[in-house]
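Pasting a structure here, questions to come.
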Amino acid sequence: MSVETPLLRMRGIVKTFPGVRALDGVDLVVRPGEVHCLLGQNGAGKSTLIKVLAGAHRPDAGTVEWHGEPVTLASPQAAIDRGISTIYQELDLVPGLSVAENIFLGHERSTAGLLRRAETRQAARELLARLGHREIRVDREVGTLPAAGQQIVSMARALSHDTRLIVMDEPSAALDQQEVQSLFGVIRELTRAGVAVVYISHRLEEIRQVGDRVTVLKDGRTVATDLPAKATATADLIRLMTGRDIEYVFPARPTAPPGDVVLKVDGLSLPRRFADVSFEVRAGEIVGLAGLVGAGRSDILETVYGARRASHGRVEVDGRRLRAGSVPAAVRAGIGLAPEERKSQGLILDQSVYRNITVSSLDRFSRGGFLDQGAERERAEELSRSLDVRPAGVERAVRTLSGGNQQKVVLARWLLRDCRVLLLDEPTRGVDVGARSELYALVRSLADRGVAVVVVSSEVEEVLGLADRVLVVREGVVVHEGPATGIDEHRVLDLVMEGSVA
């Protein structure tokens, strides 16, 4: 194969589902040893395209060429056999199996039907070392790893095949900034060896750091391709993705002081997670928790919500102490949680939009022991319209919505309960640039109604731009608390790396 011949060429790819034309003639060209970034809003067709490439979907029209020759990717195994590996945003690891078993799942090392376990473990260690993560034990049950660790194992699985092209769908979503830089180092090593990477991310700053070229999809079509990743202006990329100019700004902070204390956390501790955490959130105030993945931020939210039982400390809402380790008590007191893993922890994907909105408030629609589904749908429709959930229609399954609209459904659930405290864990993960602006405005509008909001985000810019006050957490300890306007991104990074109490 000459260096001019593309590794992959997809021409005129069409894929239709009942009532939806997901791909409408998409073209994509990937060269050996390059990082080709695929951009587009949620619903633009990115996920469908990579599933065609991975052999999970058969296109209705169009051609795929591999090394210059037409190929049919009839199944995921056919794609793997060609040298195409895909790491999906929703990781496909098997809880209950070890790290090593997950890495070599489906192509186990065996002789005469007997697994060569020592060889498998050693090969797994070498793959993890190649990714810069020797600390992950290959005998550890994969379900006990944090999200970042599971992402690394999924990458090791992709590398366990003779891979020439790796598709990475939002690979940095669960990684902290150090781990993202480690990931970029791995990607550069792969491309130097001639491996191509298709990289999907909503974080435009990552595209500049790691990408070579960019293809942009909109409404199932290729609207631009072969764009230089480092030289194309952010405004131009946003305009191509959305069809309009979007000023990527955060809502203005209120000029009036916040109200009374709604949430009080006093001396909260959870062994091996965090220690002696104290803070208050007032009505109308947004407090942000910044820090690295694994620093304890999500554990703090889950403990406040009652999903974890603190060993010490107390949580109060409107001056009343909550029973530790009780989600029902927290919900009754007016606390709502939009969890980090939205799809697995916050939504019932195969249920309707309206049921996902009302699931925490079904008692409100009970009449003589029977559920008044008419009233349930009507109230869900009102909330759906007020939050501009798209596409309209509360009967559709919630899994058919984009990430940003799924997040609106989670927020609608807690609006229905008139919650006093809203805990948001990574609220814009997997959400495109257009929908982010909408969510920021929505969160601010909730605070303006008097809700006390706590936001956890791995994006320092997001915490500083959205929150009124910021707590910086390092290794389970709050090392800084103060107004968001009194600290910048560089200082936050210094604190999370060094942990100097300020």
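Would you please give the FRET efficiency between Arg21 and Ala235, computed as 1/(1 + (r/R0)^6) with r the Cβ-Cβ distance and R0 = 35 Å, to the nearest 0.05?
Numbers: r = 29 Å, r/R0 = 0.82.
Once rounded, the FRET efficiency stands at 0.75.
OK, next. Work out which helices of the chain, taken as complete DSSP H runs, extend at least 15 Å along their axis over the Cα atoms and score a mean Kyte-Doolittle of -0.5 or more, then list them. Please list the in-between numbers first.
Details: long enough: 117-130 (20 Å, -1.03); 147-159 (18 Å, 0.68); 177-192 (23 Å, -0.32); 373-386 (20 Å, -1.83); 403-416 (20 Å, 0.07); 433-448 (23 Å, 0.37).
Helices passing the filter in the chain: 147-159, 177-192, 403-416, 433-448.
About the Cα centre, and with charges only on the beta carbon of Lys, Arg (+1) and Asp, Glu (-1), how big is the dipole of region 349-418? Nearest 20 debye, please. Show your work: numbers first, answer last.
Details: 12 positive and 10 negative charges, 33 e Å.
Dipole of region 349-418, to the nearest 20 debye: 160 debye.
Under 17 Å Cα-Cα from Lys230, which aspartates and glutamates qualify once same-chain neighbours fewer than 8 residues away are excluded?
Glu34, Glu205, Glu206, Asp212
Could you give the length gained by full extension between Leu362 and Leu114, i.e. 0.36 nm per residue of separation minus their alpha carbon distance, to one decimal place?
Numbers: separation 248, 0.36 × 248 = 89.28 nm, distance 5.23 nm.
In short, 84.0 nm is gained.
So, in Å, what gap is there between the alpha-carbon centers of region 343-359 and region 1-80?
For region 343-359 versus region 1-80, the Cα centre distance is 31 Å.
Can you give the FRET efficiency for Ser278 and Glu382, using 1/(1 + (r/R0)^6), R0 = 35 Å, r = Cβ-Cβ distance, to the nearest 0.05?
Numbers: r = 38 Å, r/R0 = 1.09.
That pair, Ser278 with Glu382, gives E of 0.35.
Taking only the alpha carbons of the chain, what extent do you get along each of the three principal axes, in Å, biggest first?
Here the Cα extents, ordered largest to smallest, are 71, 50, 49 Å.
Right, something else. If R0 is 56 Å, what FRET efficiency do you get for Phe370 and Gln77 from their C-beta distance, rounded to 0.05?
Numbers: r = 49 Å, r/R0 = 0.88.
In this case the efficiency is close to 0.70.
Using only Cα atoms, locate the centre of region 182-224 and the centre of region 431-502, then give the distance between them in Å, rounded to an integer.
First find each Cα centre; the distance between them is then 27 Å.
Using the Cβ atoms and a cut-off under 9 Å, what net charge is assigned to the surroundings of Thr16, where Lys and Arg are +1 and Asp and Glu are -1?
Numbers: positive: Lys15, Arg21; negative: Asp24, Asp60.
Result for the neighbourhood of Thr16: 0.
Beta carbons within 10 angstrom, averaged per residue: use that to sort the peptides 134-141, 438-445, 352-359, highest first.
Details: 134-141: 14.2, 438-445: 18.2, 352-359: 22.8.
The densest-packed peptide leads the list: 352-359, 438-445, 134-141.
Right, here's the next one. List the lysines whose alpha-carbon lies under 19 Å from that of Lys15, not counting same-chain residues fewer than 8 positions away?
Lys15 reaches Lys46, Lys51, Lys218.
OK, next. Quick check on packing: order 91-99, 472-480, 191-199 by the mean number of other C-beta atoms within 10 Å, highest mean leading. Before the final figure, lay out the partial values.
Details: 91-99: 15.4, 472-480: 20.4, 191-199: 18.7.
Per-residue Cβ counts within 10 Å, averaged per peptide and sorted highest first, yield 472-480, 191-199, 91-99.
So how much slack lies between Arg11 and Arg221, counting 0.36 nm per residue of separation and subtracting their Cα-Cα distance, in nm? List each step's numbers first, then the result.
On the way: separation 210, 0.36 × 210 = 75.60 nm, distance 1.13 nm.
This chain segment gains 74.5 nm when fully extended.
What does the charge add up to near Ser278, with Lys and Arg as +1, Asp and Glu as -1, over the other residues with Cβ less than 12 Å from its Cβ?
On the way: positive: Lys264, Arg314; negative: Asp266, Asp276, Glu280, Glu316, Glu481.
Result for the neighbourhood of Ser278: -3.
Throughout, read-outs are computed from the coordinates displayed, never taken from laboratory work. On a predicted model such as this, the values are computed, not experimentally measured, just so you know. Using ideal geometry, Cβ is built from the backbone for each residue, glycine included, and neighbour counts are taken over all protein chains shown.
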